[in-house]
Each structure stands twice: as structure tokens, then as C-alpha cells.
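These notes are about the structure you will find just below.
FYI, it's all coordinate maths here, none of it is from the lab. All figures in this text were calculated on a predicted structure; none of them were measured in a lab.
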Ligand SMILES: N[C@@H](CCC(=O)N[C@@H](CS)C(=O)NCC(=O)O)C(=O)O
């Protein structure tokens, strides 16, 4: 039963991911210099996520709209080192989670709305 529910959730998530991919996003346009500066900053940001999670899909759409090159890390696969990292850092495997590295300081940010608000404030 649990396995069936999990399969249904993942299937539904995959459909949402596909539909979201089909719906175009209107991306923010920047000058080449501005975009390069933003790209440099986003080298220090990673999104820990599941491919078919609706919260992650919403976050990825915001990232696309903000025209950010943020690398995604798969935290779904039980063997994934990123899942282990996430668990060690936050005490849970909740996604999406944004990892922000600033020098030696690392911040792990949970909650979709908080992540999107942070990215919009920093890069809008
Ligand atoms: N309140 C959270 C909810 C996120 C959430 O429920 N994520 C699910 C995946 S869709 C999750 O992380 N499940 C795995 C877990 O909690 O270990 C948000 O808005 O980001």
C-alpha cells in the first residue's frame, strides 16, 4: 500500500514536472555584464531537490524565471551523497533546500517560500 502511494505520488509529480516544462517561463533579461556577475554569485548556490516534488518544481520555475544558473543536487536516491549531506546538515531529508556557501560559511535554507523570497530579493 505504502509502495503504491509512493508510486502514485512520484507519477503525479513527474506529470506536474512535464507540464511545468511545457509551460514557458518569462525570464528576466539582464545585460551581459549583469548576467555574468549574477552567474558568478550563483556558483556558490546549490538546490537540493527531488525531480518530481511539486515544491521543487515551483522552486525550479522561480529559478528559471530569475534566469539563474543554480546547480541541482538529487537528494531522492537513497544512495545519493547529496541526500546524506542534506540529512547531516539539516537533520532531515526535506526538499527543496538551498545550500548557500559564502567563504567558509554555509547556510542551508529550507521552505519553498523562504527560498524563493531569498532568491527574488537577491537577484530580481
Ligand atoms: N513546507 C515545505 C514542504 C516540502 C515537502 O513536503 N517536501 C517533501 C517532498 S514533496 C519532502 O521533502 N519529503 C521528504 C522528507 O520530508 O523527508 C516547503 O514548502 O518546502
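Structure above, values below:
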| quantity | calculated |
| --- | --- |
| Alpha-carbon centroids, region 1-37 and region 85-124: separation in whole Å | 18 Å |
| Within the chain, helix-based [θ] at 222 nm, where runs of 4 or more DSSP H residues each add -39,500 (n - 2.57), nearest 500 | -17000 deg cm²/dmol |
| Angle in degrees between helix 81-90 and the longest Cα principal axis of the chain, rounded to the nearest 10 | 80 degrees |
| Hull volume in cubic angstrom per residue (convex hull over the Cα atoms of region 45-93) | 74 Å³ |
| Antiparallel bridges, percent of DSSP beta bridges restricted to the chain (to nearest 5) | 70 percent |
| The chain - percent relative contact order, Cα under 8 Å, separation 6 or more | 25 percent |
| Shape category assigned to region 65-124 from the gyration tensor of Cα positions, a/c cut at 1.5 | prolate |
| Computed Kirkwood radius, in angstrom, where 1/r is averaged over Cα pairs of region 1-94 | 15.0 Å |
